[in-house]
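Engineer: Got a structure for you, written out below as structure tokens; questions coming shortly.
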Amino acid sequence: MKNKQCSKVDASLAIYLFRNKSKQTSVKVLSLVLILGLCFTILYPILSLVPVVFSSVEDLGNPNVIWIPQEFSTVSFKMATRLVMPQGIMSMLKSVLYAAFIMVLQVFFSAMVGYSLARVKFWGRGVVFGMVILVFLLPRQSLLLAQYISFVHFDVLGIMDLFTAAGEINLINNPIVLVLLAVFGFGVNQSLFIFLFSQFFKNIPKELEEASLIDGCGFYKTYFRIMLPNAIPIISTVGILSFVWNYGDTYYTNYFNPNGEYMSTLLSSTFVSANKEFILNALTNWYDVPVTSDMAFDAVKQAGVLIFLIPLLIVYLIGQRRLVENMENSGLVG
């Protein structure tokens, strides 16, 4: 009798374990399929460039070429490099250094403003914070005219009268404009960065500040020695976002420094319809391509996009794990 009961218990336990294992396996398989599907959806635009960019110009439009080029060629890359990087690697290096410099300014000033709004009690703090949110919600185009006029007739409380006869200077088409925008909190999505820093500093325990004051630290020493080291997660997150957005920005660079040699502006201004004939003729003359078409123009354009993405891919590969972890720890997602 006992043996029969034990066998029934063993059978029930085996069935339970089988069902539980089957359920876990099904969930893992479905999750894997979903992740692979999402990855393919995200990577498909880049993967679809491979047979176009690395095919010879004569094979473009060939219905037999789907994913693997019949004849490997780098002509599109060579042409795109000459157009988008007229100074060679220095063109890319200048764009990277510009984005990195603006990133440092945005992180430095956004952190100070965010800390002040989060931890310093002053009259009108709510109004200032509301204005930060308002600037983030307003379209950039609504502020463009006022900003443009301010930089065309740049003057600070009449101080320019001491240095120039006209009493004002025109800063348009000068890279100092982009620096001033970052310093005064109007850089690319900088109001969002101020908001992120403010929310992060609000969650830091006040006991840290109290302990630092007891140890003899003043306001500034507390900020630089205590708060900033604890804000490494949000600093790295904002730094990555700032670099990516400033590197790919064409709005502020086109309006305030149109003659600047930024890869983003070169890419957007080079591959326009008006330059199609010039690019196709140059492709024929420079690389002895016998026949060109609109698909050749698209191939060179897509090669230029891939060249432009190289620094962003490097930044992503280096910082993607830290970015995801910091966003989770900062409460920005979930």
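Engineer: Within the group Val96, Val107, Val113, Val135, which residue is touching a residue at least 40 places away in the same chain (Cβ under 8 Å), on the phi < 0 side of the Ramachandran plot and either open to solvent by less than 30 Å² (accessible area, probe 1.4 Å) or charged (D, E, K, R) (or both)?
Structural biologist: On the way: Val96 fails: either open to solvent by less than 30 Å² (accessible area, probe 1.4 Å) or charged (D, E, K, R) (or both); Val113 fails: either open to solvent by less than 30 Å² (accessible area, probe 1.4 Å) or charged (D, E, K, R) (or both); Val135 fails: either open to solvent by less than 30 Å² (accessible area, probe 1.4 Å) or charged (D, E, K, R) (or both).
Criteria check complete, one pass: Val107.
Engineer: Return a yes/no flag: does region 27-49 have any residue that is part of a helix (DSSP H, G or I), surrounded by 13 or more Cβ atoms within 10 Å (Cβ to Cβ) and aromatic (Phe, Trp, Tyr).
Structural biologist: No, every residue in region 27-49 fails to be part of a helix (DSSP H, G or I), surrounded by 13 or more Cβ atoms within 10 Å (Cβ to Cβ) and aromatic (Phe, Trp, Tyr).
Engineer: Take region 186-214 and flag every residue that is outside any helix (DSSP H, G or I) and within 30 Å of Phe151 (Cβ to Cβ).
Structural biologist: Residues of region 186-214 outside any helix (DSSP H, G or I): 186-189, 203-205.
Hits for region 186-214 are Phe186, Gly187, Val188, Asn189.
Engineer: Out of Ile172, Ile226, Ile176, Ile232, report the one residue that is over 18 Å from Ala111 (Cβ atoms) and either free of Cβ contacts under 8 Å to residues at least 60 places away in the same chain or out of contact with any helix residue (DSSP H, G or I) (no Cβ under 9 Å at 6 or more places or on another chain) (or both).
Structural biologist: Ile176
Engineer: State which residue pairs qualify: first residue more than 10 Å from Met227 (Cβ to Cβ) and inside region 194-213, second residue open to solvent by 70 Å² or more (accessible area, probe 1.4 Å) in any location, beta carbons under 7 Å apart, and separation of 6 or more residues or different chains.
Structural biologist: Listed pairs, sorted by first residue: Phe195/Phe136.
Engineer: Same structure again: Just for region 272-287: of the residues that are open to solvent by 70 Å² or more (accessible area, probe 1.4 Å) and among the hydrophobic types (A, V, I, L, M, F, W, C), which one is nearest to the chain's Cα centre (by Cα)?
Structural biologist: So the residue we want is Ala274.
Engineer: Identify the single condition in (1) touching a helix residue (DSSP H, G or I) at 6+ places or on another chain (Cβ under 8 Å); (2) more than 17 Å from Ile307 (Cβ to Cβ) that Gly37 does not satisfy, given that it satisfies every other one.
Structural biologist: With respect to (1) touching a helix residue (DSSP H, G or I) at 6+ places or on another chain (Cβ under 8 Å); (2) more than 17 Å from Ile307 (Cβ to Cβ), Gly37 is out only on (1).
Engineer: I've got another one for you. Looking only at region 56-100, which residues are more than 15 Å from Pro311 (Cα to Cα) and assigned to a helix (DSSP H, G or I)?
Structural biologist: Val57, Glu58, Asp59, Val75, Ser76, Phe77, Lys78, Met79, Ala80, Arg82, Leu83
Engineer: Here is a follow-up. Residues in region 217-261 that are outside any helix (DSSP H, G or I) and either crowded, with 18+ Cβ neighbours inside 10 Å or within 22 Å of the chain's Cα centre (by Cα) (or both): how many?
Structural biologist: 8
Engineer: Let me ask something else about it. State the number of residues belonging to region 288-311 that are crowded, with 16+ Cβ neighbours inside 10 Å and in a helix (DSSP H, G or I). Please lay out each step first, then the result.
Structural biologist: Step one: of region 288-311, the residues crowded, with 16+ Cβ neighbours inside 10 Å are 289, 292, 296-308, 311.
Cutting the leftovers down to in a helix (DSSP H, G or I) gives us 296-308, 311.
Qualifying residue count, region 288-311: 14.
The values are calculated or read from the model by the stated rules, or taken from the named source; none is laboratory data. Remember, predicted model here, so these are calculated numbers, not experimental data. Virtual Cβ from ideal backbone geometry, glycine too; neighbours counted across all protein chains shown. Just the protein is used for accessible areas: all its heavy atoms, side chains included, with ligands, DNA and RNA removed. Shrake-Rupley method; radii C 1.70, N 1.55, O 1.52, S 1.80 Å.
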